[in-house]
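Here's the structure, in structure tokens; my notes come after.
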Protein chains: 2
Amino acid sequence: LIIDHFGFLEDGTFKQRYLVADKHWQQPGGPILLYVGNEGDITWFCNNTGFMWEIAEELGAMLVFAEHRYYGESLPFGQDSYSDSKHLNYLTSEQALADFAVLIQNLKNTQPGAQHSPVIAIGGSYGGMLSAWFRMKYPNVVVGALAASAPIWQFPGMVPCGDFYKIVTQDFARSGYNCDTNIRKSWKAINNVSSTASGLQWLSEQFSLCTPLKTKNGIISFKGWLQETWVNLAMVDYPYEANFLQPLPRWPVQVVCKYLGFNSTVSDYQLLHGVSQAAKVYYNYTGSSSCLNMSESATSSLGWLGWTYQACTEMVMPMCTNGVQDMFEPEEWNFQVFSDECSAMFGVRPRADWAGTVYGGKDISSHSNIIFSNGGLDPWLAGGVTYNITDSLISIMIPEGAHHLDLRYSNDHDPPSVRAARALEVKYFQQWIRQATKTPQTSKT
Amino acid sequence: LIIDHFGFLEDGTFKQRYLVADKHWQQPGGPILLYVGNEGDITWFCNNTGFMWEIAEELGAMLVFAEHRYYGESLPFGQDSYSDSKHLNYLTSEQALADFAVLIQNLKNTQPGAQHSPVIAIGGSYGGMLSAWFRMKYPNVVVGALAASAPIWQFPGMVPCGDFYKIVTQDFARSGYNCDTNIRKSWKAINNVSSTASGLQWLSEQFSLCTPLKTKNGIISFKGWLQETWVNLAMVDYPYEANFLQPLPRWPVQVVCKYLGFNSTVSDYQLLHGVSQAAKVYYNYTGSSSCLNMSESATSSLGWLGWTYQACTEMVMPMCTNGVQDMFEPEEWNFQVFSDECSAMFGVRPRADWAGTVYGGKDISSHSNIIFSNGGLDPWLAGGVTYNITDSLISIMIPEGAHHLDLRYSNDHDPPSVRAARALEVKYFQQWIRQATKTPQTSKT
């Protein structure tokens, strides 16, 4: 694929990885379900998107999982792709969407029987955003899109910046007695305990940290790491044992909260002991970790650096906390500070309004055939589309669902709401396919 | 405005020129008519788009004429903008559309009373294509678009490459006895006459060429220049005296054809004398030219070099002739030769399929609120949308119209079809404005 779709000076090309499964494909003309890759290794997403595998036969569909440029093995400049801002310059959502469009057009032009196949885009999280945007920007390429847990409104001025952490807090509040209250208390306890050298040592030991805490900055990182841990737990609060970001038990937030049920007389040390037990549910459920590494908060299949670059350019998602409606230390959203950090890290500055301009912000009613599914437990719900915008821009809510639960393999423990969501999603897919077959796409261009 | 909307390495900015007329604007919330600038000086387009000026009062509209980057005074790198392919790299339609989107968003955020103003895009020719694409890609920014004489299908595989010159030929055929026949004959006559040195001299004198013809390549250029002259005449075959590409009489093709009415017994010299008289209608209607300059075939307000670059990158528009259905020397469309020429000229190669992929080709039925108007005399009709695609993707035909006649000031000589077209266009504008006012755009992003 071409490295720069939007300029003609850089005429280099690169190989985009994509996986194809056509066992159930009814050719000619059977539909193609396209997984719109997000910020990570496509094989990992492929294995975590059982929904597509389970519906392929019913729809007679070919499955295509397309990797997002700059992640996994789809590196435009090989090992140099992340070497500097010059090489990172082609890591944008617009380039990624153009990759997907060109990939599909190529597939239709070269794969016998695929020329008139209607294509449905499917993605979750950032991939869900891409999925929705793909339908908005390339309706000639995809007849519809499922955007699962896609926070397309988590951009400046669209939703309150505090909603995300409010939802995290609610998850903990309902998962165990005093659970959110004790986490809210824990930050002060950490400050207290870490004020002495012996306290620092105790903390490092309690949390079995691979690298002991030494400095004040270390404590800031430590608290940030814990905050991220609670967020991740809320995201993957699935009703069955699963291994998405980490191997975890059924309803992990409930399991975590068992260690955080103290009443108001708890001491700082008791409280933090509980917190350490809770953290180990997330980091060491399998018991295989000899120590906890603060620099690894989730699966290495996700491309942390790439996503940080994207957040520092287009994907500006304001978040804030106030410690009242959420269980975190108060922190305002400060664009300037964020921008300065980005400039220091990558030599680029974010454009706060660009995503809203290019992807329509809240003015998307003229588009069609997009399903926005959201889980009630998922903090990313805060930036999601949670109501029907038109007859064909549909919201599906899964109250008991965490982050794109609907995309996962079905499970005996699935709540009825996710079963219903999946059934409805398939119904819309079938409707879009019927529409497309009635007015066949003349894909010859 | 930002030079590179699609990358964050180049963080330079430039000034885009735009003209505003708000005399009739009913604020707050009155509509904005946005002229989507094409490949030339915006003041020239502004003066040649009387339609907008004439309807401003009725609609209570603000007029905005936005210049396209790399043309007129909107030069991203000043005098260096055209110095090499590195500086030309940001001359693309996608960047231009992003400019227009950011301009409108800025205007809405800064101009009191404009925040909820519905915006309608208006453009002709390439500007008409941009106008349609603007609505397709940024429906959050514009509620609808008028694409006048916009050949959005003049791309590889979408329409026969010979249709364009067929329409030119038809214009001449119906504008005078044997007019097309004699032009078809003239190429051989030029070859015959130019085969001797005295013939070359005679030709140069007959056509009052500023630079006499000397070589075989000169003859090729000469024929190309004449071919372009006939094309331009067909484009501006307006029913009244006008000055668009050149100052010209009423129905200029008819005037030209008066010099080309020979029967079959005409000699090469007689025929070419007639051709020279015809060419002078186009190049010297005012009588002010002391000689004809083959390097200037139209107004200097159009940016020839910029458009050539765009044609060499995204705007790949196949054209061909066969000398049978058209009056030109046969020439096939040869993408490879074209690509090699582009590479030699700019160091870039065109991407034949990109425009079709990014702008949807013939699969645009999911979009809405676009009027495609076309003139029956206009060769660009060949690549235009000439039928209603849906209830809100409308084709308006103006059988007696040349290139975007509907955008021009009204005139006593206007045929009824263009009067009707303008009235219908305004009716649709009003409908889009009503729709937008009913469901106000929440332009806050």
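Do you know which residues across segment B:151-169 are part of a helix (DSSP H, G or I), touching an Asp or Glu at 6+ places or on another chain (Cβ under 9 Å) and closer than 19 Å to B:Tyr387 by Cβ?
Once the filter is applied, which keeps residues that are part of a helix (DSSP H, G or I), touching an Asp or Glu at 6+ places or on another chain (Cβ under 9 Å) and closer than 19 Å to B:Tyr387 by Cβ, segment B:151-169 yields B:Phe164, B:Lys166, B:Ile167.
With respect to the numbered conditions (1) closer than 30 Å to B:Tyr428 by Cβ; (2) modelled with pLDDT of 95 or more; (3) under 20 Å from the mean Cα position of the chain (by Cα), which one is the sole condition not fulfilled by B:Tyr70?
All conditions are met except number (1).
Among the candidates B:Gln336, B:Gln325, which residue alone is within 26 Å of B:Asp84 (Cβ to Cβ), away from chain A (no Cβ under 14 Å), surrounded by fewer than 22 Cβ atoms within 10 Å (Cβ to Cβ) and not aliphatic (A, V, I, L, M)?
On inspection, the qualifying residue turns out to be B:Gln336.
Being part of a loop (DSSP other than H, G, I, E, B) and among the hydrophobic types (A, V, I, L, M, F, W, C) is the filter; apply it to segment B:140-150 and report the residue that is farthest from the other protein chains (Cβ to nearest Cβ).
Ranking the qualifying residues of segment B:140-150, first place goes to B:Ala150.
Filter segment B:190-203 for residues that are crowded, with 18+ Cβ neighbours inside 10 Å and under 16 Å from B:Gly224 (Cβ atoms) and give the result.
B:Ile190, B:Ser194, B:Leu203 - these are the residues of segment B:190-203 that are crowded, with 18+ Cβ neighbours inside 10 Å and under 16 Å from B:Gly224 (Cβ atoms).
Would you say B:Arg351 is surrounded by fewer than 16 Cβ atoms within 10 Å (Cβ to Cβ) and of a type in the set (Lys, Arg)?
no
Residues that are away from chain A (no Cβ under 14 Å): which helices (runs of 4 or more DSSP H) entirely in segment B:36-139 hold 2 or more of them?
Here the list reads B:42-47, B:50-59, B:126-137.
Any chance segment B:67-75 includes a residue that's without any contact (Cβ under 8 Å) to a residue 60 or more places away in the chain and in contact with a Ser or Thr (Cβ under 7 Å, 6 or more places away or on another chain)?
Checked against the condition, which is being without any contact (Cβ under 8 Å) to a residue 60 or more places away in the chain and in contact with a Ser or Thr (Cβ under 7 Å, 6 or more places away or on another chain), segment B:67-75 yields at least one hit.
Do we have A:Gly128 as crowded, with 24+ Cβ neighbours inside 10 Å and not aliphatic (A, V, I, L, M) here?
yes
Would you check if there is a residue in segment A:154-168 being within 12 Å of chain B (Cβ to nearest Cβ), closer than 28 Å to A:Trp230 by Cβ, buried (at least 23 other Cβ atoms within 10 Å of the Cβ) and not charged (D, E, K, R)?
yes
Within segment B:187-199, does at least one residue satisfy the condition of being out of contact with any Gly (no Cβ under 8 Å at 6 or more places or on another chain) and under 30 Å from B:Pro399 (Cβ atoms)?
yes
For segment A:189-220, enumerate the residues that are free of Cβ contacts under 8 Å to residues at least 40 places away in the same chain and either among the hydroxyl-bearing types (Ser, Thr, Tyr) or closer than 11 Å to A:Tyr269 by Cβ (or both).
Answer for segment A:189-220, where residues must be free of Cβ contacts under 8 Å to residues at least 40 places away in the same chain and either among the hydroxyl-bearing types (Ser, Thr, Tyr) or closer than 11 Å to A:Tyr269 by Cβ (or both): A:Ser194, A:Ser195, A:Thr196, A:Ser198, A:Gly199, A:Ser204, A:Thr215.
Within the bounds of segment A:11-26, is there any residue that is more than 14 Å from chain B (Cβ to nearest Cβ), surrounded by fewer than 16 Cβ atoms within 10 Å (Cβ to Cβ), in contact (Cβ under 8 Å) with a residue 40 or more places away in the chain and not in a loop (DSSP other than H, G, I, E, B)?
Taking every residue of segment A:11-26 in turn, at least one turns out to be more than 14 Å from chain B (Cβ to nearest Cβ), surrounded by fewer than 16 Cβ atoms within 10 Å (Cβ to Cβ), in contact (Cβ under 8 Å) with a residue 40 or more places away in the chain and not in a loop (DSSP other than H, G, I, E, B).
Looking at (1) over 21 Å from B:Val236 (Cβ atoms); (2) of a type in the set (A, V, I, L, M); (3) more than 14 Å from every other protein chain (Cβ to nearest Cβ); (4) under 21 Å from the mean Cα position of the chain (by Cα), which one does B:Ala344 not meet, given that it meets all the others?
Just one mismatch for B:Ala344, condition (4).
Looking at (1) over 23 Å from the mean Cα position of the chain (by Cα); (2) outside the structural domain of B:Thr265 (by the TED database), can you tell me which one B:Val193 breaks?
B:Val193 satisfies every listed condition except (2).
Which condition does A:Tyr359 not pass, out of (1) within 17 Å of A:Leu130 (Cα to Cα); (2) surrounded by fewer than 15 Cβ atoms within 10 Å (Cβ to Cβ); (3) among the aromatic types (Phe, Trp, Tyr), if it passes all the others?
Looking at each condition in turn, A:Tyr359 falls short on (2).
Just checking, which of B:Ser392, B:Ser365, B:Ser417 is farther than 30 Å from A:Gln105 by Cβ and not assigned by the TED database to the domain that holds B:Asn182?
One residue alone meets the criteria, B:Ser417.
Restricting the search to segment B:359-373, which residues are more than 7 Å from every other protein chain (Cβ to nearest Cβ) and within 21 Å of the chain's Cα centre (by Cα)?
Residues satisfying the conditions are B:Tyr359, B:Ile370, B:Ile371, B:Phe372, B:Ser373.
Condition first: charged (D, E, K, R), part of a loop (DSSP other than H, G, I, E, B) and at pLDDT 95 or above. Now tell me which residues in segment B:405-445 satisfy that.
B:Arg408, B:Asp412, B:Asp414
Name the one entry in A:Ala382, A:Ala420 that is small (Gly, Ala, Ser), more than 8 Å from every other protein chain (Cβ to nearest Cβ) and either buried (at least 21 other Cβ atoms within 10 Å of the Cβ) or within 21 Å of the chain's Cα centre (by Cα) (or both).
A:Ala382
Evaluate the following for B:Thr229: is it in contact with a Phe, Trp or Tyr (Cβ under 7 Å, 6 or more places away or on another chain) and part of a helix (DSSP H, G or I)?
For B:Thr229, the condition - in contact with a Phe, Trp or Tyr (Cβ under 7 Å, 6 or more places away or on another chain) and part of a helix (DSSP H, G or I) - is met.
Could you figure out which of (1) in contact (Cβ under 8 Å) with a residue 24 or more places away in the chain; (2) part of a helix (DSSP H, G or I); (3) exposed (fewer than 14 other Cβ atoms within 10 Å of the Cβ) isn't true of B:Lys258?
The failed condition is (3).
Any idea which of B:Pro151, B:Pro76, B:Pro118 is under 30 Å from B:Val324 (Cβ atoms) and assigned by the TED database to the domain that holds B:Cys46?
Result of the check over B:Pro151, B:Pro76, B:Pro118: B:Pro151.
With respect to the numbered conditions (1) in contact with a strand residue (DSSP E or B) (Cβ under 8 Å, 6 or more places away or on another chain); (2) over 22 Å from A:Leu405 (Cα atoms); (3) of a type outside the set (A, V, I, L, M), which one is the sole condition not fulfilled by A:Ser83?
Every listed condition holds for A:Ser83 apart from (1).
Could you give me the residue pairs with C-beta distances under 9 Å whose first residue belongs to segment A:268-283 and is more than 15 Å from A:Val231 (Cα to Cα), whose second residue is part of a helix (DSSP H, G or I) and of a type in the set (Val, Ile, Thr) wherever it lies, and which are 6+ apart or on separate chains?
A:Asp268/A:Ile190; A:Asp268/A:Val193; A:Tyr269/A:Val193; A:Leu272/A:Ile190; A:Leu272/A:Val193; A:Gln277/A:Val256
Condition test on A:Ser395, is it more than 14 Å from chain B (Cβ to nearest Cβ), surrounded by 14 or more Cβ atoms within 10 Å (Cβ to Cβ) and touching a residue at least 60 places away in the same chain (Cβ under 8 Å)?
Against the criterion (more than 14 Å from chain B (Cβ to nearest Cβ), surrounded by 14 or more Cβ atoms within 10 Å (Cβ to Cβ) and touching a residue at least 60 places away in the same chain (Cβ under 8 Å)), A:Ser395 does not qualify.
The values are calculated or read from the model by the stated rules, or taken from the named source; none is laboratory data. Please read all numbers here as calculations on a predicted model, not as lab measurements. Positions of Cβ are backbone-derived with ideal geometry, glycine not excepted, and every protein chain shown enters the neighbour counts.
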